[in-house]
Amino acid sequence: MEKYQLYATMGSGFEDVVAKELHALGYETRTEKGRVFFEGTQEDIARCNLWLRTADRIKILLKEFKATDFTTLYDETYAYDWAMLLPPDAAFPVKGRSVRSKLHSEPDVQRIVKKAIVDKMSKQYRRRGVLPENGTLYQLDIHIYQDKARLSLDTTGDSLFKRGYRIEHGGAPLKENFAASLIKLTIYDGTHPFVDPMCGSGTLPIEAAMIAKNIAPGLKRDFSFDKFDWFDQKLHQNLIEEAKSMQTPAQAPIWASDIDQSILEVAKLNAHNAGVLQDIRFKQVAVKDFKTDLTNGVIVSNPPYGKRLKDRQGAEALYEQMGEVLKPLSSFSQYYLTADQKFEDFYGKKANKKRKFFNGNLPVIFYQYWAKWN
C-alpha cells in the first residue's frame with residue numbers, strides 16, 4: 001500500500017506524550033513543536049485516528065517547499081496532482097497560518113492556495129467556471145513557518161477529543177484528550193487504584209477506565225477519511241472489530257466523587273455512554289469528608305481554579321482541605337491541575353515536579369506528588 005508522510009497535532013507540551021503513544025503503536029517518529037511526524041499507509045491513518053488518546057488530529061503532509069513570494073506559493077501549489085486527491089465535486093476549504101515568514105498575510109496565503117487548486121482542478125477536470133464544491137469535505141491546510149510552506153490534508157474531521165460519549169452541559173470540563181494526556185503523564189497503567197475526588201462530569205475517571213480496559217478512544221465515532229473516495233473503507237471496519245476484541249476487564253478500582261450530585265448524574269451518563277459505568281464507583285462526597293481504604297494508587301484531579309475573587313477564596317479553602325485529607329494518603333501518587341500558582345502553599349507541600357500547560361487559553365500547572373508503592 002502507498003505510504004504517506006503523516007503527522008499528529010496536539011496541545012503544546014504534549015508532544016512527547018503523543019510520540020510515546022505512536023511508539024507503542026510501532027511507529028518511528030520525529031517531533032517538532034505541536035507536531036509529531038511519522039510514515040504510514042491508509043491502514044495506519046485509520047489505526048491512529050482510532051487509537052491515539054492524546055492527539056488532536058492526524059494529517060497527511062502533501063507537500064512542503066520554501067515560499068517567500070506569492071508566485072512561488074501559487075506555482076508550487078499548482079504543481080501538485082490535485083485530481084489524484086480531490087474528486088471534481090469536492091468541498092475543499094483552505095485554512096492558513098503564517099508565522100515569522102515573508103508571506104505574513106494569512107487571508108492572502110489562503111486565497112492564493114485556493115486559487116492555485118481551483119485553476120489546476122479546472123484544467124484537470126476540464127471544467128469552466130466555478131467548481132461545485134457540493135461533495136465530500138476535504139479540509140486542506142497551508143502552514144508557513146520561517147518561509148517553509150506545508151500543504152496538508154486533515155483525515156480526522158472533528159478533533160480527536162470528541163470521543164462521542166460526553167453529553168453537553170453548562171460546565172467547562174477538561175477535553176477528553178487533555179485529560180488522557182494528564183493521565184499518561186502519571187504512573188497509572190490500569191493495574192493500581194485510580195481516584196478523582198473532584199470528578200465533575202467524569203472525564204478523568206472515564207479516560208482512566210478506558211485506558212484500564214484498553215478501549216480504543218475513537219471507537220464510537222467516524223472520521224473525515226471515511227468519506228474520501230480513494231480510501232479503502234474496509235480498513236476502518238476491520239480495525240474496529242479488532243479493537244473490540246482487544247478490550248480487557250479493569251484490574252483495579254476506579255473511584256470518582258464530587259460534592260455536586262447533579263454533576264455526578266452527568267458523569268454517570270457519560271460513563272455509561274463510554275461503556276465504563278460498571279467500572280467506576282461514583283459517590284457524592286465533599287473533599288473534607290473523603291475517605292478511602294485503598295492503597296498504592298493514583299489520584300488525578302482538576303480542582304476548581306477560582307478565577308474571581310470570591311471563587312478564589314473558596315478554591316484556596318478547598319486546597320487546604322485537600323492538604324488535610326489527601327496529603328496523608330502517602331501511598332498514593334497525587335497529581336493536581338490548577339491555574340493557581342500558590343496551590344502548594346495552601347495544600348501544604350511542595351510538588352516533586354510541576355509542568356505548565358494551557359487549558360484552552362488559560363495557563364495551568366500540573367502539580368505532581370510522587371509516592372513509593374509498597
Complete set of residues in region 144-170 that are acidic (Asp, Glu) and either surrounded by 21 or more Cβ atoms within 10 Å (Cβ to Cβ) or not in a loop (DSSP other than H, G, I, E, B) (or both): 154
In region 208-239, the residues that are crowded, with 16+ Cβ neighbours inside 10 Å and in a helix (DSSP H, G or I): 208, 209, 210, 211, 212, 224, 225, 226, 235, 236, 239
Can you say whether residue 44 is of a type outside the set (A, V, I, L, M, F, W, C), over 16 Å from residue 180 (Cβ atoms) and not in a strand (DSSP E or B), as far as the supplied structure shows? yes
Within region 252-273, residues farther than 17 Å from residue 300 by Cβ and either in a loop (DSSP other than H, G, I, E, B) or among the aliphatic types (A, V, I, L, M) (or both) come out as 259, 260, 263, 264, 266, 269
Report yes if residue 172 is among the hydrophobic types (A, V, I, L, M, F, W, C) and touching an Asp or Glu at 6+ places or on another chain (Cβ under 6 Å), otherwise no. no
Note on region 19-28: residues crowded, with 20+ Cβ neighbours inside 10 Å and without any contact (Cβ under 8 Å) to a residue 40 or more places away in the chain are 19, 22
Quick one: which of 133, 106 is without any contact (Cβ under 8 Å) to a residue 24 or more places away in the chain, surrounded by 15 or more Cβ atoms within 10 Å (Cβ to Cβ) and of a type outside the set (S, T, N, Q)? 106
So residue 275, is it out of contact with any His (no Cβ under 9 Å at 6 or more places or on another chain), on the phi > 0 side of the Ramachandran plot and modelled with pLDDT of 95 or more: yes
Tell me, yes or no, whether region 180-190 has at least one residue that is outside any loop (DSSP other than H, G, I, E, B), of a type in the set (S, T, N, Q) and within 25 Å of residue 48 (Cα to Cα). yes
If you go through region 5-22 one residue at a time, do you hit one that is more than 26 Å from residue 355 (Cβ to Cβ) and either at pLDDT 95 or above or in contact with a Phe, Trp or Tyr (Cβ under 8 Å, 6 or more places away or on another chain) (or both)? yes
Can residue 334 be described as within 26 Å of the chain's Cα centre (by Cα) and either buried (at least 18 other Cβ atoms within 10 Å of the Cβ) or within 17 Å of residue 181 (Cβ to Cβ) (or both)? yes
Test residue 267 against the criterion of being in contact with a Phe, Trp or Tyr (Cβ under 8 Å, 6 or more places away or on another chain), of a type in the set (A, V, I, L, M) and more than 24 Å from residue 10 (Cα to Cα), and give yes or no. yes
For residues that are under 23 Å from residue 181 (Cα atoms) and at pLDDT below 95, tally how many sit in region 203-243. 1
Which one of these does residue 73 not meet: (1) over 18 Å from residue 156 (Cβ atoms); (2) out of contact with any helix residue (DSSP H, G or I) (no Cβ under 6 Å at 6 or more places or on another chain); (3) touching a residue at least 12 places away in the same chain (Cβ under 8 Å)? (2)
Qualifying position, being of a type in the set (Val, Ile, Thr), within 17 Å of residue 163 (Cα to Cα) and in contact (Cβ under 8 Å) with a residue 60 or more places away in the chain, among 9, 54: 54
Filtering region 7-37 for residues that are under 18 Å from residue 217 (Cβ atoms) and outside any loop (DSSP other than H, G, I, E, B) leaves a count of 11
Please go through (1) part of a loop (DSSP other than H, G, I, E, B); (2) in contact with a Ser or Thr (Cβ under 9 Å, 6 or more places away or on another chain) for residue 201 and return the number of the only condition it doesn't satisfy. (2)
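The values are calculated or read from the model by the stated rules, or taken from the named source; none is laboratory data. What you see is a predicted model; the values in this text were computed from it and never measured. Note that each Cβ is placed from the backbone with ideal geometry, even for glycine, and that neighbours are counted across all protein chains shown.
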